[in-house]
1. Quick check: Cα centre of the range 77-123 to Cα centre of the range 1-34, how many Å?
2. Mind running the shape call on the range 66-112? Use the C-alpha gyration tensor, a ≥ b ≥ c as the square roots of the eigenvalues: rounded below 1.5 for a/c, prolate if a/b tops b/c, oblate otherwise.
3. Averaged per residue, what accessible surface does the chain expose to a 1.4 Å probe, in Å²?
4. Please report, in debye to the nearest 20, how large the charge dipole of the range 1-68 is about its Cα centre when each Lys and Arg carries +1 at its beta carbon and each Asp and Glu carries -1 there.
5. Leaving out ligands, DNA and RNA, and with a 1.4 Å probe, what % of the accessible surface on the chain is carbon or sulfur?
6. Can you tell me the relative contact order of the chain? Whole percent, Cα pairs under 8 Å, sequence separation 6 or more.
7. How large is the charge dipole for the chain, taken about the Cα centre, if only the Cβ atoms of Lys, Arg (+1) and Asp, Glu (-1) carry charge, to the nearest 20 debye?
8. Would you work out the Kirkwood radius for the range 11-87? I mean one over the mean of 1/r across all pairs of different Cα atoms, in Å.
Amino acid sequence: MKNQLKTVFERAKLNFVILACILIIAVLGKITNPEMTNAIFKSADELVSNLILLFIAITLGAFIPNFKLVVFGALAAFIAAVVAIQTGVFTYLTMNDLFAVLIVVLGFASIANLYRHYREVGL
């Protein structure tokens, strides 16, 4: 059992890093700018009820074998959308909304990917 947990941890390091980063962002945001952090996480909470977004995030995490591609793709899409907002292409989105989407997608994708590793090991 101990070796199996060690195997899961070794395979899912990136998942734990992403989840830890989300937690660190929440804690540091509460210390530095609680109003903006509350707004972002309130938006993320509202996005959780959007099942399409959750299905996409879970599918990305569970069925794409190279999870680094999911992470880099989500970050690249986030950066491209931020550039589009700054240039005026997207006038109906805000940075807080995009950051909330990024948190939801990466959080649920990493949990789904972690579960996939868990099932592969056979715990």
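1. 16
2. In terms of gyration-tensor shape, oblate.
3. 64
4. Around 420 debye, computed over the range 1-68.
5. 71
6. Normalised by residue count, the contact order of the chain is 44 percent.
7. 560
8. After inverting the pairwise mean of 1/r, the radius is 14.3 Å.
The values are calculated or read from the model by the stated rules, or taken from the named source; none is laboratory data. Note that the structure is a prediction, hence the values are computed from the model and not measured. Quick reminder, even Gly has a Cβ in these numbers, built from the backbone with ideal geometry, and neighbours come from all protein chains shown. Note: accessible area is taken over every heavy atom of the protein model, side chains too, but ligands, DNA and RNA are not part of it. Shrake-Rupley method; radii C 1.70, N 1.55, O 1.52, S 1.80 Å.
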